[in-house]
1. What full-extension length gain, to one decimal in nm, is calculated for Asn99 and Asp142 as 0.36 nm per residue of separation minus the Cα-Cα distance?
2. Going by amide H atoms built from the backbone, whose H comes under 5 Å of the H on Glu154, apart from near neighbours?
3. Ranked highest first by average number of other Cβ atoms within 10 Å, how do 132-145, 110-123 line up?
4. Can you bin the stretch 138-178 into rounded, prolate or oblate? Criterion: square roots of the alpha carbon gyration tensor eigenvalues sorted a ≥ b ≥ c, rounded for a/c under 1.5, prolate for a/b above b/c, oblate for the rest.
5. Taking a threshold of 24 Å on the Cα-Cα distance, which of the pairs Lys92/Lys172; Lys92/Lys124; Lys106/Lys158 fall above it?
6. Working out 0.36 nm times the residue gap between Asn109 and Asn149, then minus their Cα-Cα distance, what length gain in nm do you get to one decimal?
Amino acid sequence: MFMPNRTLLKVIVLGDSGVGKTSLMNHSSRYVYKRFSQQYKATIGADFITKELEIDEKTGHFARQERFQSLGGAFYRGADCCILVYDVNIVKSFETLQNWHDEFLKQVNPSEPDAFPFVLVGNKVDVDGGSSRVVSERTARDWCASRGNIPYFETSAKEDYNVDDAFLCIAKTAMVNQ
Ligand code: GTP
């Protein structure tokens, strides 16, 4: 199909297993891209890719490092944006964000690492009406502030809360490099 002004964005989604990466992508409806395209007169086709890695509890290293490295270059090449996702109810998923962030930059090796567009998403804010939450919004925002003011969104893929806003920002952020 011919799509004039089509921009393909390569967005890499990283985060621990189970934080909701797939659910978020499924909920990032076409509505986001329609809105975005009306605004920018371009139709956005986003190529969302999920990569899951586990960190070895004992060594702190990526458990599947070999596989990761062999896929690394081709898999990440040309990424326009990286979405880091954690679960606000699981502290470990927040603590591993730095590993995801650093490993991504190592693989992509952008010319200006400090300027590379990241977006942080704190997902599952709906769980137990928020009473199970262990990572505060303040903690997450501080983390973002100390890494070049990464945009931050709190979402619930389950209740479709804030997901469109997050993905609209992601699309805009990714477009910066186009
Ligand atoms: P991997 O594929 O293992 O990397 O997991 P993932 O990060 O893609 O997580 P996935 O989207 O598969 O979600 C894991 C589980 O969490 C599923 O049972 C989802 O239904 C659930 N889930 C995802 N998002 C939310 C949310 O916002 N709130 C709640 N309560 N559950 C969620």
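Each value in this text was obtained by applying a stated rule to the coordinates, not by laboratory testing. These numbers come from a predicted model, not from an experiment. Using ideal geometry, Cβ is built from the backbone for each residue, glycine included, and neighbour counts are taken over all protein chains shown.
1. Values: separation 43, 0.36 × 43 = 15.48 nm, distance 1.69 nm.
Here the segment from Asn99 to Asp142 would lengthen by 13.8 nm.
2. Gly122
3. On the way: 132-145: 14.7, 110-123: 18.4.
The most tightly packed comes first, giving 110-123, 132-145.
4. Values: a/c = 4.18, a/b = 1.08, b/c = 3.88.
Because a/c hits 1.5 or more and a/b fails to exceed b/c, the stretch 138-178 counts as oblate.
5. Working: Lys92/Lys172 29 Å; Lys92/Lys124 14 Å; Lys106/Lys158 32 Å.
From the list (Lys92/Lys172; Lys92/Lys124; Lys106/Lys158), the Cα-Cα distance tops 24 Å for Lys92/Lys172; Lys106/Lys158.
6. On the way: separation 40, 0.36 × 40 = 14.40 nm, distance 1.97 nm.
Contour length minus the Cα-Cα distance gives 12.4 nm.
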